[in-house]
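Nothing in this text is a laboratory measurement; each read-out follows from the coordinates by a stated rule. All values derive from a computational prediction rather than experimental measurement.
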Amino acid sequence: MVETFVQSTTDVVDFLKHQHNLIKDMFDEVLHASDGRARETAFVELRQLLAVHETAEEMVVHPRARREMANGDDIVDARLKEEHEAKEQLSALEKMDVDSPEFLDALAQFRDAVVAHAEREETEEFDKLQAELSGEDLERMAGAVRAAEAIAPTRPHAGVESATLNFAVGPFASMLDRARDAISAAVK
Ligand SMILES: [Fe+2]
Ligand SMILES: [Fe+2]
């Protein structure tokens, strides 16, 4: 099982890079699940993690990168376009039967797009932002990003898994709304 919480890091860039690794692991869990129920569960957790992660980037990191970096607008616009395409791919996946070959093919394509997107973020945006900003700024941004995790209390304790999943199940769009609310409350 993949641990979806990221602990003990206070730099927003390190935190988001760690989440990129968790996202890759979650894709593997969905693709290699032993049965339909395990695949459905892993897919819910993957969507939660993507909702938390992408919303944090959109609300906290991209706006800062836009302001601070040379060519910030071009770089961020390209990332936002990829994120928009990912949401469309995900909404198509949500309509499929998780046990169908069609789902697995589409999920593998989606994973490749998400991994390529993450790599571009790291090299073109995050590393530059980390070099530009002070440690204090990077820590403050990490605090806002962590607030989004409030919507994804994934496997905090043994035995509450089903309750967590009931809470989480729903279209990706509603997970994004909850993540947005959590971050807005944190940055007020
Ligand atoms: Fe992203
Ligand atoms: Fe990312």
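Express in % the proportion of alpha carbon pairs of the chain at distances exceeding 32 Å. The partial results should precede the final answer.
Numbers: 2148 of 17578 pairs.
For the chain, the share of Cα pairs beyond 32 Å comes to 12 percent.
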Degrees separating the helix 72-94 axis from the principal Cα axis of the chain, which is the longest one: 10 degrees
Angle in degrees between helix 12-31 and the longest Cα principal axis of the chain, rounded to the nearest 10: 20 degrees
On a 0 to 90 degree scale, rounded to 10, what angle separates helix 101-120 from the longest Cα axis of the chain? 10 degrees
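So what is the relative contact order for the chain, in percent, with contacts set as C-alpha pairs under 8 Å and at least six apart? Please list the in-between numbers first.
Values: 183 pairs, mean separation 63.3, N = 188.
Relative CO of the chain lands at 34 percent.
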